[in-house]
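Notes to accompany the following structure.
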Amino acid sequence: MNETRGPSENKGLRGMGRTLRRGQIWWVAYYFNGKEIRESAKSPNEGDARRLLKKRLKEIHGSRFVGPQEERLTVDDLLDALITHLETKGAKTVDRLKSHLKPLREWFSLTRGVNVTTADVERYVAERLKAGKARATVNRETGALKQALNLARKQARLTRVPYIPMLREDNARQGFFEHADFEKFVANLPDPINDIARFGYLSGWRRGEIVPLTWDAVDREAREVRLRTSKNGQGRVLPLDGPLWDLIERRWAARSFEKKDGTTKLSEFIFHRSGERVVDFRKPWKEASKKAHVPGRLFHDLRRTAVRNMVRAGVPQSVAMSISGHKTVSMFLR
């Protein structure tokens, strides 16, 4: 397309800029980090282009320049990019992360990424705590926002990101399930959440390792479940015997589900809802805790309980660690 330079053009000197016209629309051209950037003023009036050019040059010389591409990026765009990045890497916690992103999307909505400030995040944190959310929950949410912003910077989509404050947590929890309490609790969980809890109670595996399990990980002939990889980067094998074998056989019998068209199909997931992988079960978990009078229980308490039960049963530490997937003795003992 033919270009017409305006009378205000400065011969393209670096650090300055010029106006030019393409058809009926005026554009501006300026330099940033040694590269020429051209941006439409979206106007047939050269005066509008001059004002845009003046604004951009002022931002550049005042170290406040972000550019037209950054200005268009919303928090939603950044969170979507984070999900895509994690899915590409094969991260196992993507589905759970999506639930943490929901309140972020509602709060920041169409807020531009470059406009997010530390004060904005602090107001978000204050409102979430006021709503009764746990500090750990709020940290998972703001941590996801921090991860999305830092990813955008690494991808050169944002030139700078704000400081994201994190709340202090008491990570050294000591929650356990006594057997009688666990039986009352699991009796109030719906299927298949009850069997997910039982698997965690018996194996000591992490939630993110249990929920996505598929039948190709199970060798029913050898009576084993094989986890190819885990949080510590290593795979492991879980022998199936007693209650664990009974659980797997029960789930094997529950593989079939009915589709909307009335046909029957077998789910690839060991623990499924109408054939689909279970994603979020916080609500039924909370309700079961209340009904069983065991408030404040976390899924990770099942892991602690399983490890403690193995130790009490005289299982050698090395064997217990190989089953639970603890890589270091210090974490196992903690």
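The values are calculated or read from the model by the stated rules, or taken from the named source; none is laboratory data. Because the structure is predicted, anything quoted here is derived from the model rather than measured. Note that each Cβ is placed from the backbone with ideal geometry, even for glycine, and that neighbours are counted across all protein chains shown.
With the requirement that a residue be touching a residue at least 24 places away in the same chain (Cβ under 8 Å) and not β-branched (Val, Ile, Thr), what does the stretch 287-296 give you? Working first, answer last.
Within the stretch 287-296, the first condition is being touching a residue at least 24 places away in the same chain (Cβ under 8 Å), and the residues that meet it are 287-289, 291-294, 296.
Correct list: GLU287, ALA288, SER289, LYS291, ALA292, HIS293, GLY296.
Quick grid of which residues meet (1) surrounded by 13 or more Cβ atoms within 10 Å (Cβ to Cβ); (2) touching a helix residue (DSSP H, G or I) at 6+ places or on another chain (Cβ under 8 Å); (3) at pLDDT 60 or above:
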{"site": "PRO7", "(1), (2), (3)": "no, no, no"}
{"site": "LYS11", "(1), (2), (3)": "no, no, no"}
{"site": "ARG18", "(1), (2), (3)": "yes, yes, yes"}
{"site": "GLY23", "(1), (2), (3)": "no, no, yes"}
{"site": "TYR30", "(1), (2), (3)": "yes, yes, yes"}
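Of all residues being hydrophobic (A, V, I, L, M, F, W, C) and either over 41 Å from the mean Cα position of the chain (by Cα) or not in a helix (DSSP H, G or I) (or both) in the stretch 37-60, which is modelled with the lowest pLDDT? Just the residue, please. Lay out the reasoning, then the answer.
Pass one, the stretch 37-60, residues hydrophobic (A, V, I, L, M, F, W, C): 37, 41, 49, 52-53, 57, 60.
Restricting the remaining residues to those that are either over 41 Å from the mean Cα position of the chain (by Cα) or not in a helix (DSSP H, G or I) (or both) gives 37, 41, 49.
Details: ILE37: 78, ALA41: 84, ALA49: 88.
The qualifying residue modelled with the lowest pLDDT is ILE37.
Examine the stretch 148-168 for a residue that is in a helix (DSSP H, G or I), in contact with a helix residue (DSSP H, G or I) (Cβ under 6 Å, 6 or more places away or on another chain) and among the aromatic types (Phe, Trp, Tyr), and state whether such a residue exists.
No, the stretch 148-168 contains no residue that is in a helix (DSSP H, G or I), in contact with a helix residue (DSSP H, G or I) (Cβ under 6 Å, 6 or more places away or on another chain) and among the aromatic types (Phe, Trp, Tyr).
If the requirement is being at pLDDT below 90, at negative phi and not hydroxyl-bearing (Ser, Thr, Tyr), which of these qualifies: ALA217, ALA313, ALA288? Break it down stepwise before answering.
On the way: ALA217 fails: at pLDDT below 90; ALA288 fails: at pLDDT below 90.
On inspection, the qualifying residue turns out to be ALA313.
Can you name the residue in the stretch 81-101 that is basic (Lys, Arg), in contact (Cβ under 8 Å) with a residue 12 or more places away in the chain and in a helix (DSSP H, G or I) and, of all such residues, is farthest from ALA152 (Cα to Cα)? Let's see the steps before the verdict.
In the first step, residues of the stretch 81-101 are kept if they are basic (Lys, Arg); the result is 89, 92, 96, 98.
Right, trim to in contact (Cβ under 8 Å) with a residue 12 or more places away in the chain and you get 92, 96, 98.
Now drop any that are not in a helix (DSSP H, G or I), which leaves 96, 98.
Values: ARG96: 21, LYS98: 18 Å.
Result: ARG96.
Between ILE164, ILE210, ILE193, which is in contact with a Lys or Arg (Cβ under 8 Å, 6 or more places away or on another chain) and surrounded by 16 or more Cβ atoms within 10 Å (Cβ to Cβ)? If you could, list the steps in order and put the result at the bottom.
Working: ILE210 fails: in contact with a Lys or Arg (Cβ under 8 Å, 6 or more places away or on another chain); ILE193 fails: in contact with a Lys or Arg (Cβ under 8 Å, 6 or more places away or on another chain).
Just one listed residue meets the conditions, ILE164.
Do we find a residue being among the aromatic types (Phe, Trp, Tyr) and in a helix (DSSP H, G or I) anywhere in the stretch 296-313? Walk me through how you get there before you give the answer.
At the first step, the residues of the stretch 296-313 found to be among the aromatic types (Phe, Trp, Tyr) are 299.
Applying the additional criterion that residues be in a helix (DSSP H, G or I) yields none.
Scanning the stretch 296-313 turns up no residue that is among the aromatic types (Phe, Trp, Tyr) and in a helix (DSSP H, G or I).
Quick check on ARG282: is it at pLDDT below 95, touching a Ser or Thr at 6+ places or on another chain (Cβ under 9 Å), crowded, with 18+ Cβ neighbours inside 10 Å and assigned by TED's automatic domain parsing to the domain that holds ILE323?
Numbers: at pLDDT below 95: yes; touching a Ser or Thr at 6+ places or on another chain (Cβ under 9 Å): yes; crowded, with 18+ Cβ neighbours inside 10 Å: no; assigned by TED's automatic domain parsing to the domain that holds ILE323: yes.
No, not satisfied.
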